[in-house]
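Asks: Got a structure for you, questions after.
The values are calculated or read from the model by the stated rules, or taken from the named source; none is laboratory data. In this text, all values refer to a predicted model and were calculated from it rather than measured experimentally. Here the Cβ positions follow ideal geometry from the backbone for every residue, glycine too, while neighbour counts run over all protein chains shown. Accessible surface areas use protein heavy atoms only, side chains included; no ligands, DNA or RNA. Shrake-Rupley method; radii C 1.70, N 1.55, O 1.52, S 1.80 Å.
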Amino acid sequence: MQMARRKTKDVSGDTFSSLENEISMALRAAIVDGEIEPGTRLIELDLAARFNVSQGTIRAALKELQAQGLIVYKPRRGNFVITVEKTDVYEISMLRDSLEALGARLAAKRMDDSGRKMLTDILKAMRTAAESGNRKKLMELDFEFHRTVIGISGHRRLMEIYERLEGQTRMFLRLTDRFYENLQDIPNLHEPLVAAIVSGDAETAFQLAIRHADADAEELVSSMLATNA
């Protein structure tokens, strides 16, 4: 019996079936979690066998990952998982900070009781994850926090752009996670940002968010340079 395919839209606006979306998400998770390493060539035939689907389905899923910036197509060679270089780190960090800072400013201006509860609940969940040593959960909550802030901002196009950066943002979070030996540093870093947003202090929220990933980017670049030395 064939699986029914509900048509949705990918980030480029093309029709995209639920099966193709499911495979795209599975591949994205494997890339972001490091199961599929940077620079790996993604062979359609092998992936079709792995997921027991057609090469056309795989091709559509790979197109979605291209749009998200997680893989790159090289003519006559195929699709490859991106490698993260020094320039990539700075570009992802700068773009992420800009989007999240704008979201923080707008969210602070639109803050209500529902928004306050959502953000304080995520911060509490961060502290619980840190106390239990659950790094993976903490990384998920980190992304969820910023996505929630942008959701509260009510800026639809900002959310659409941020969602396109999701895969690369998650990869950045995974690469910088190792710099936090004390997991409590992560909720501690977010606490003043939460306080500014929920109190409606838009400019403080903006300033805190615009510098949010700078230190991580610098440390990641330094570690990359040391490794290549």
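Asks: Select from 217, 51, 29 the residue farthest towards the positive end of the dipole of the chain; place +1 on Cβ of Lys and Arg, -1 on Cβ of Asp and Glu, and compute about the Cα centre.
Replies: Of the options given, the answer is 51.
Asks: Right, here's the next one. Per 0.36 nm of contour for each residue apart, how much would the distance between residue 143 and residue 222 grow if the chain were fully extended, relative to their Cα-Cα spacing?
Replies: Stretched out fully, the residue 143 to residue 222 stretch lengthens by 26.1 nm.
Asks: I'd like to check one number: the per residue accessible area of region 53-134, probe 1.4 Å, reported in Å² as a whole number.
Replies: On a per-residue basis, region 53-134 sits at 51 Å².
Asks: Let me ask you something else. Would you calculate a helix-derived [θ] at 222 nm for the chain, using -39,500 (n - 2.57) for each DSSP H run of n ≥ 4 and dividing by the full residue count, to the nearest 500?
Replies: Roughly -22000 deg cm²/dmol at 222 nm, from the helical runs in the chain.
Asks: I would also like to ask the following. What is the Cα centroid distance between region 140-169 and region 74-108, reported in whole angstrom?
Replies: Region 140-169 and region 74-108 have Cα centres spaced 13 Å from each other.
Asks: If you roll a 1.4 Å probe over the chain with all protein chains in place, what percent of the accessible area is carbon or sulfur?
Replies: Here it works out to 51 percent.
Asks: Ok, one more. Which FRET efficiency, nearest 0.05, do residue 120 and residue 76 yield, Cβ-Cβ r, R0 41 Å?
Replies: Between residue 120 and residue 76 the formula returns 0.20.
Asks: Give me the 1.4 Å probe accessible area per residue for region 142-217, excluding ligands and nucleic acids, in Å².
Replies: 43 Å²
Asks: A follow-up question, please. How would region 73-185 be classified by its alpha-carbon gyration tensor: rounded, prolate or oblate, with rounded meaning a/c under 1.5 and the a/b versus b/c comparison settling the rest?
Replies: oblate
Asks: How large is Rg over Rh for the chain, taking Rg from the Cα atoms and Rh as the Kirkwood inverse mean of 1/r across Cα pairs?
Replies: Looking at the chain, the ratio lands at 1.00.
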